[in-house]
Amino acid sequence: MVEIISSPTRGISGTAIVPADKSISHRTVIFGALADGVTEVSNLLEGEDVLATVAAFRNMGVAIEGPDAGELRISGVGKFGLQAPARDVDLGNSGTSIRLLAGLLAGQRFASRLTGDASLRRRPMGRVVDPLSQMGAVIKSTDGCPPLDIQQSKGLAGFEYRLPVASAQVKSALLLAGLYATGNTTLHEPAPTRDHTERMLAGFSNAQWHAGSPIRSAGDITLSGQRVSVPGDISSAAFLIVAATICPGSDLRLPGVGINPTRSAVLDILGMIGARIDVSAKRLESNEPVCDLRVRSAPLRGIDIPAESVANAIDEFPIIAIAASAASGLTRLRGASELRVKESDRIAAVVQGLGALGIDTVEYPDGMDITGGSLGTGSVESFGDHRIAMAFAVAGCISEGPIEIGEAENIKTSFPNFLPLANSIGLSVKEQS
Ligand code: S3P
């Protein structure tokens, strides 16, 4: 088990190239494998979650060269070219991999078994299994959790479906299944979620893409290989943005960060709290909006987080909570019960960790109240959750003394170079043996 220790520092400065977007990297591998012809990827995230997706497609007979310094070459096998996996498909810690692959494999003419680590085996799969069953898939779970035993498809039927939860993973699973179904699959979301699958589906085919609901996929869509350049991950950038915001005297530049409007609510929320974030050089790369960011430290004040921002900042609440604990007054988060079924129960993990550092918090079923104060010193649990570990590592830059964070090994699932990059801009974070 890796433990890290983060100590107070004096300002965050310089330029940081954040790792590539995890969600887009997964989808690039999936669409590249299903396309006819070669897909060449630059700046793929070489984090464990994405490597699990790469390994899954190799296990199904797809020739993939790399990744090597972010370059990946996928020899696509076409929509019907996957082979039965030689062994169980182990997706490690990656919820995105297992849910998207459940949708894809539900439509294949072979059986498969998807599994993962202890955390993944506790995560709810009914949200994909139920609608996929309505399309005609036969999938057996273990009390609604992985492993998932997916039977050989006897044919899927397109359908119209209203997602009960705002989940891009569920939406994407159904869009992928829709590629193997008769007719159209039409999806309605309760709130807009990240639209990388829709953008990429359009980029790899002649399917139309438009922002918002309803979202469509169809059995007659075919895919052809592309060149894809993956932007920097705003979810990873968020840790460094908050570090520079809360640590006095900071001035940090973050070039090449993705700001897809379905992902960038974190910038709006931090802006409302008082963060000083300049966005420049907005551009489109591989059909995704990208920009350069500059962040300077600023005094923060508590806010009520707008309900409509929750789905589009769902991965950023652990680090937003650190900003809130450095703000004056109360920050209130509600409508975020999805946080309870992420890599850990992120409401409980944040409340417990901030409490251990002396911050006044109140836990609610769907959120939390945080009253800003002085972050103390001590030990916190990350519950094996990469984003909890990195959030408390950032808290250490303004705490009264060192913060020790347990079970931090999963940082490499999304941000493999977090320690060296954080230290290069002025944080003081190290592994403890
Ligand atoms: C993701 C969707 C979100 C997010 C996860 C990545 C994706 O999950 O939390 O980190 O790539 O589609 P949900 O769909 O469960 O909200």
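Okay, residues lined up against (1) within 12 Å of the ligand (Cβ to nearest atom); (2) over 17 Å from ILE24 (Cβ atoms); (3) not small (Gly, Ala, Ser):
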position	(1), (2), (3)
VAL165	yes, yes, yes
ALA173	yes, no, no
THR185	no, yes, yes
ALA218	no, yes, no
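Yes/no matrix, rows are residues, columns are (1) crowded, with 24+ Cβ neighbours inside 10 Å; (2) out of contact with any helix residue (DSSP H, G or I) (no Cβ under 6 Å at 6 or more places or on another chain):
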{"site": "HIS188", "(1), (2)": "no, yes"}
{"site": "THR193", "(1), (2)": "no, no"}
{"site": "THR197", "(1), (2)": "yes, no"}
{"site": "ASN206", "(1), (2)": "no, yes"}
{"site": "GLY212", "(1), (2)": "no, yes"}
{"site": "GLY219", "(1), (2)": "no, yes"}
{"site": "GLY225", "(1), (2)": "no, yes"}
{"site": "ILE234", "(1), (2)": "yes, yes"}
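Residues in segment 246-281 that are more than 20 Å from VAL310 (Cβ to Cβ) and β-branched (Val, Ile, Thr): 3 in all. The C-beta contact set for segment 93-106 (first residue touching a residue at least 12 places away in the same chain (Cβ under 8 Å), second residue within 12 Å of the ligand (Cβ to nearest atom) and not in a helix (DSSP H, G or I), distance under 6 angstrom, 6+ apart or interchain) comprises GLY95/ARG123. Selection of segment 192-208 for residues being within 16 Å of the ligand (Cβ to nearest atom) and free of Cβ contacts under 8 Å to residues at least 60 places away in the same chain yields only GLU198. Of the residues making up segment 353-367, those that are crowded, with 17+ Cβ neighbours inside 10 Å and farther than 23 Å from ALA168 by Cβ number 5. Close Cβ contacts (under 7 Å, 6 or more residues apart or on different chains) running from residues in segment 279-304 that are in the same structural domain as THR28 (by TED's automatic domain parsing) to residues that are at pLDDT below 95 are absent. Scanning segment 64-98 for residues that are open to solvent by 60 Å² or more (accessible area, probe 1.4 Å), of a type outside the set (D, E, K, R) and either in contact with a Ser or Thr (Cβ under 8 Å, 6 or more places away or on another chain) or closer than 20 Å to SER229 by Cα (or both) turns up just one, ALA69. Of the residues making up segment 188-225, those that are of a type in the set (S, T, N, Q) and within 16 Å of SER23 (Cβ to Cβ) are THR193, THR197.
The residue that is surrounded by the fewest Cβ atoms within 10 Å (Cβ to Cβ), counting only those in segment 111-152 that are farther than 25 Å from HIS386 by Cβ and charged (D, E, K, R), is ASP143. Consider segment 153-163 and keep the residues that are in contact with a strand residue (DSSP E or B) (Cβ under 9 Å, 6 or more places away or on another chain) and open to solvent by 20 Å² or more (accessible area, probe 1.4 Å). The one that is farthest from the ligand (Cβ to nearest atom) is GLY155. SER325 meets the stated requirement of being over 21 Å from the mean Cα position of the chain (by Cα) and in contact (Cβ under 8 Å) with a residue 60 or more places away in the chain. The criterion of at least 1 residues that are within 20 Å of ASP233 (Cα to Cα) and out of contact with any His (no Cβ under 8 Å at 6 or more places or on another chain) is met by the following strands (runs of 3 or more DSSP E) wholly inside segment 29-137: 36-42, 63-68, 71-77.
The values are calculated or read from the model by the stated rules, or taken from the named source; none is laboratory data. Computed from a prediction, not measured in an experiment: that's the story for all the values here. A quick note on method: Cβ atoms are made from the backbone with ideal geometry, for glycine too, and the neighbour counts reach across all protein chains shown. Heads up: the accessible areas ignore ligands, DNA and RNA and are worked out on the full protein's heavy atoms, side chains in. Shrake-Rupley method; radii C 1.70, N 1.55, O 1.52, S 1.80 Å.
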